[in-house]
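A short worksheet on the structure shown next.
The values are calculated or read from the model by the stated rules, or taken from the named source; none is laboratory data. As the structure is a computational prediction, the values presented were derived from the model and not from experiment. Here Cβ is always computed from backbone atoms with ideal geometry, including for glycine, and neighbour counts include all displayed protein chains.
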Amino acid sequence: MKNANVGLFCAIFGGLIAAFGMPEPAQAQSSDSAGPIILKNAGRQDLEGHTPTTFQGQGVGLFIGDNLNAGFPAGAGLQMFLHFDLSKLPAGIRINTAVLSSKFAHIRSRPLNSLGSILVDNVTYPRFSSGLWNTPRGAAACVLTRRTNGEFGCDLAPSLSRALSQGKKTLALRLRFEHNSDNDGRLDLLSFYSTRPNENVPGIFMIAVTPKP
């Protein structure tokens with residue numbers, strides 16, 4: 001009787017398989033379901049910092065604007081340089097979006113009103129130095145804008161895709177206002193830091209990379 005029951009069960013189970021097929025194994029989640037790949041700025045003094053726009057000099061902090069101090073020349077502005085390591089991105093990745101952003105912005109006076117748009121340019125340099133003050137402008141990467149939540153960001157997917165297609169292992173960017181100065185003699189400054197104005201650590205800026213399926 002026991003063997004008969006076993007035989008009956010096997011026959012029924014076999015019939016179900018024939019009718020409906022075996023259940024499919026669970027599929028692995030796609031790479032984009034885990035969220036974007038986050039690239040953080042280098043946060044190193046030998047790779048990042050700021051320079052004047054009209055004369056040679058350099059500093060550690062990440063800020064742009066004009067009239068940094070009382071001795072700052074009229075008409076001079078400030079620009080900053082960022083550096084990202086691309087080795088975290090998988091080989092052959094196709095970029096859907098690559099959003100450069102920072103939630104650590106601090107505004108003094110009215111730079112967003114008087115100095116124009118915030119331009120993000122592609123640049124190339126081996127090390128950060130005062131000699132970058134007159135670095136030729138490369139291809140425009142994006143225009144950084146202020147969002148409703150107070151963060152600043154823009155999508156530089158074409159720029160990142162171009163860098164990867166050229167085999168580059170790093171991405172260097174320069175941020176500057178459209179106008180060097182508003183010539184009013186007063187400080188206008190947009191700076192990025194988490195605790196101290198002259199601080200530069202990884203993660204003050206990030207690029208969130210979302211790959212194409």
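Please find, within the range 37-56, the residue that is nearest to residue 80 (Cα to Cα) out of those that are surrounded by 15 or more Cβ atoms within 10 Å (Cβ to Cβ) and charged (D, E, K, R). Per the stated criteria, the residue is 48.
Within the range 117-126, restricting attention to residues that are hydroxyl-bearing (Ser, Thr, Tyr) and either closer than 14 Å to residue 49 by Cβ or in contact with a Gly (Cβ under 9 Å, 6 or more places away or on another chain) (or both), the residue that is surrounded by the fewest Cβ atoms within 10 Å (Cβ to Cβ) is 124.
Condition first: touching a residue at least 60 places away in the same chain (Cβ under 8 Å), within 25 Å of residue 117 (Cβ to Cβ), of a type outside the set (Ser, Thr, Tyr) and assigned to a loop (DSSP other than H, G, I, E, B). Can you find one or more residues in the range 76-87 that meet it? Looking through the range 76-87, at least one residue is touching a residue at least 60 places away in the same chain (Cβ under 8 Å), within 25 Å of residue 117 (Cβ to Cβ), of a type outside the set (Ser, Thr, Tyr) and assigned to a loop (DSSP other than H, G, I, E, B). Filtered by the rule that a residue be surrounded by fewer than 19 Cβ atoms within 10 Å (Cβ to Cβ), closer than 27 Å to residue 90 by Cα and either among the β-branched types (Val, Ile, Thr) or within 15 Å of the chain's Cα centre (by Cα) (or both), the range 132-153 gives 140, 143.
Residues in the range 172-200 that are in contact (Cβ under 8 Å) with a residue 60 or more places away in the chain, within 21 Å of the chain's Cα centre (by Cα) and surrounded by fewer than 17 Cβ atoms within 10 Å (Cβ to Cβ): 178, 194, 197, 198, 199. Evaluated against (1) part of a strand (DSSP E or B); (2) within 13 Å of residue 191 (Cα to Cα), residue 121 falls short on exactly one condition, (2). Within the range 64-98, if we keep just the residues that are at pLDDT 95 or above and among the aromatic types (Phe, Trp, Tyr), the residue that is farthest from the chain's Cα centre (by Cα) turns out to be 81. Looking across 129, 114, one residue alone is over 28 Å from residue 37 (Cβ atoms), surrounded by 15 or more Cβ atoms within 10 Å (Cβ to Cβ) and out of contact with any Gly (no Cβ under 8 Å at 6 or more places or on another chain). It is 114. Among residues of the range 57-109 being more than 14 Å from residue 176 (Cβ to Cβ) and touching a helix residue (DSSP H, G or I) at 6+ places or on another chain (Cβ under 6 Å), the one that is surrounded by the most Cβ atoms within 10 Å (Cβ to Cβ) is 98.
Scanning the range 100-159 for residues that are without any contact (Cβ under 8 Å) to a residue 40 or more places away in the chain and of a type in the set (A, V, I, L, M) yields a count of 3.
Does residue 164 count as closer than 17 Å to residue 102 by Cα, crowded, with 16+ Cβ neighbours inside 10 Å and modelled with pLDDT of 95 or more? When the stated conditions are applied, residue 164 does not pass them.
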